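All remarks here apply to the structure that follows.
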Amino acid sequence: MARVLIVGAGLTGSLCAALLRKETYGPLHLSVWDKAEDSGGRMTTASNPQNPQSTVDLGAQYITCTPHYAKKHQSFYDELITHGILKPLASPIEGMVIKEGNCNFVAPQGVSSITKQYLKESGADVCFRRCVTQINLRNDKWEVSKETGSPEHFDIVILTMPVPQILQLQGDIVNVISECQRQQLESVSYSSRYALGLFYEAGTKIDVPWAGQYITSNPCVRFISNDNKKRNIESSEIGPSLVIHTTVPFGVTYLEHSTDDVQELIFQQLENILPGLPQPIATKCQKWRHSQVTNAAANHPGHMTLHLKPFLVCGGDGFTQSSFDGCITSALCVLDALKNHI
């Protein structure tokens, strides 16, 4: 039985797992590892520690589907809509750029419900808090080491984490990556920002007419979402939640500062935009060191094969673009590259 490891439980990794299960007929042992405490990657949804039903999307806010991808990836959209995981965005987002023919979707159970659906379909052995540190060649297999516990061996390894994290891996992988590939990988760049989730008591009123708003006149705050309104959730038992995304320049400036300090700075600016906001009962500040791809790997659309026997490949939005469809494209490219090896 081929043992396959996918590193990264974000959208590309979870979809790779689902597609591998669906498209391969032989026996397959699938493992998905992620260094975080839950799946989602940059499509993560955080819960209020005092009421897990109250959630906030800290990464992707909504999904925009262009007419091109509505056709090309129709089966993916149809499946998620049929399962109730995606629904049309019906609430107003002020400042959103609207292009003719585009459709926008939200995830009523939080955007991480998309990755959870794909992981469920995959039947993979999913492990969190597993940070990969080394990848070595051992007897025609990959020996994968993590921060804690013994190394494990796999026939195929798929790396879907942000490209800079691939370049940080130690072991034989350092020499497996050719000089040309290394240059390509080093050329991939990302923007950085913070996201701050605010949770409020049930019954609290957040008196704004919009579900989301793009801010153009503040050095710190770029976007605010009233998450319950965005997802069309009305419940007397679930308090409202807000998420604030910072500007990229602010994110870059304060990248190495403590999240407590950054949170305080965001609160100060938020008071200027929405004066008199009630006090939240809980907060979650997320640093996105690798937020959105600003420069993807050239000449490697969708994936990069690092080694053939045993197979080692990397994928993710670093090889396409930071969008739902960019991740689907990468997962399909990875699957195509793998078909000759399973």
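What are the pairs, 6+ residues apart or on separate chains, where a residue within the range 303-315 that is closer than 16 Å to residue 165 by Cα has its Cβ under 6 Å from a residue that is surrounded by fewer than 21 Cβ atoms within 10 Å (Cβ to Cβ) and modelled with pLDDT under 95?
303/337; 313/337
Quick one: which strands (runs of 3 or more DSSP E) sit completely within the range 11-126 and have at least 2 residues that are more than 27 Å from residue 338 (Cα to Cα)?
Numbers: elements: 28-34, 45-48, 51-57, 63-65, 103-106.
Output list reads 45-48, 51-57, 63-65, 103-106.
Filter the range 239-261 for residues that are open to solvent by less than 50 Å² (accessible area, probe 1.4 Å) and either hydroxyl-bearing (Ser, Thr, Tyr) or under 22 Å from the mean Cα position of the chain (by Cα) (or both) and give the result. Spell out the reasoning first.
Filtering the range 239-261 for residues open to solvent by less than 50 Å² (accessible area, probe 1.4 Å) gives 239-248, 250-251, 255.
Residues satisfying the conditions are 241, 242, 243, 244, 245, 246, 247, 248, 250, 251, 255.
If you scan the range 60-100, which residues turn out to be open to solvent by 50 Å² or more (accessible area, probe 1.4 Å), small (Gly, Ala, Ser) and farther than 28 Å from residue 200 by Cα?
The answer is 75, and nothing else.
Does the range 265-275 contain any residue that is within 20 Å of the chain's Cα centre (by Cα) and either among the hydroxyl-bearing types (Ser, Thr, Tyr) or in a loop (DSSP other than H, G, I, E, B) (or both)?
The answer is no; no qualifying residue exists.
Is at least one residue of the range 133-156 assigned to a strand (DSSP E or B), surrounded by fewer than 18 Cβ atoms within 10 Å (Cβ to Cβ), of a type outside the set (Lys, Arg) and out of contact with any strand residue (DSSP E or B) (no Cβ under 7 Å at 6 or more places or on another chain)?
Within the range 133-156, one or more residues are assigned to a strand (DSSP E or B), surrounded by fewer than 18 Cβ atoms within 10 Å (Cβ to Cβ), of a type outside the set (Lys, Arg) and out of contact with any strand residue (DSSP E or B) (no Cβ under 7 Å at 6 or more places or on another chain).
I need the full set of residues from the range 219-238 which are closer than 21 Å to residue 262 by Cβ, touching a strand residue (DSSP E or B) at 6+ places or on another chain (Cβ under 8 Å) and open to solvent by 60 Å² or more (accessible area, probe 1.4 Å), in order please.
First, pick out the residues of the range 219-238 that are closer than 21 Å to residue 262 by Cβ: 219-225, 227.
Next, from what is left, pick out any that are touching a strand residue (DSSP E or B) at 6+ places or on another chain (Cβ under 8 Å): 220-225, 227.
222 - this is the single residue of the range 219-238 that is closer than 21 Å to residue 262 by Cβ, touching a strand residue (DSSP E or B) at 6+ places or on another chain (Cβ under 8 Å) and open to solvent by 60 Å² or more (accessible area, probe 1.4 Å).
Against the definition (closer than 30 Å to residue 132 by Cα, open to solvent by 10 Å² or more (accessible area, probe 1.4 Å), under 18 Å from the mean Cα position of the chain (by Cα) and in contact (Cβ under 8 Å) with a residue 60 or more places away in the chain), how does residue 42 come out, yes or no? Steps first, please.
On the way: closer than 30 Å to residue 132 by Cα: yes; open to solvent by 10 Å² or more (accessible area, probe 1.4 Å): yes; under 18 Å from the mean Cα position of the chain (by Cα): yes; in contact (Cβ under 8 Å) with a residue 60 or more places away in the chain: yes.
Yes, satisfied.
Can you name every residue in the range 276-302 that is under 24 Å from residue 211 (Cα atoms) and either without any contact (Cβ under 8 Å) to a residue 40 or more places away in the chain or within 25 Å of the chain's Cα centre (by Cα) (or both)?
Filtering the range 276-302 for residues under 24 Å from residue 211 (Cα atoms) gives 276-288, 291-292.
Correct list: 276, 279, 282, 283, 284, 285, 286, 287, 288, 291, 292.
When you scan the range 101-115, how many residues do you find that are surrounded by 13 or more Cβ atoms within 10 Å (Cβ to Cβ) and either over 27 Å from residue 46 (Cβ atoms) or over 21 Å from the mean Cα position of the chain (by Cα) (or both)?
The number of residues fulfilling the criteria is 1.
Which one of the conditions (1) closer than 30 Å to residue 154 by Cα; (2) open to solvent by less than 10 Å² (accessible area, probe 1.4 Å); (3) among the charged types (D, E, K, R) does residue 57 fail to meet, given that it meets all the rest?
(1)
Say we look at the range 187-242 and pick out the residues that are modelled with pLDDT of 95 or more and among the basic types (Lys, Arg); which of these is farthest from residue 278 (Cα to Cα)?
Looking at residues that are modelled with pLDDT of 95 or more and among the basic types (Lys, Arg), I get 193.
The values are calculated or read from the model by the stated rules, or taken from the named source; none is laboratory data. Bear in mind that the values here come from a model prediction, so they are computed numbers and not experimental data. Don't worry about glycine lacking a Cβ; one is built from the backbone with ideal geometry, like all the others, and counts go over all protein chains shown. Only protein heavy atoms, including side chains, enter the accessible area calculation; ligands, DNA and RNA are left aside. Shrake-Rupley method; radii C 1.70, N 1.55, O 1.52, S 1.80 Å.
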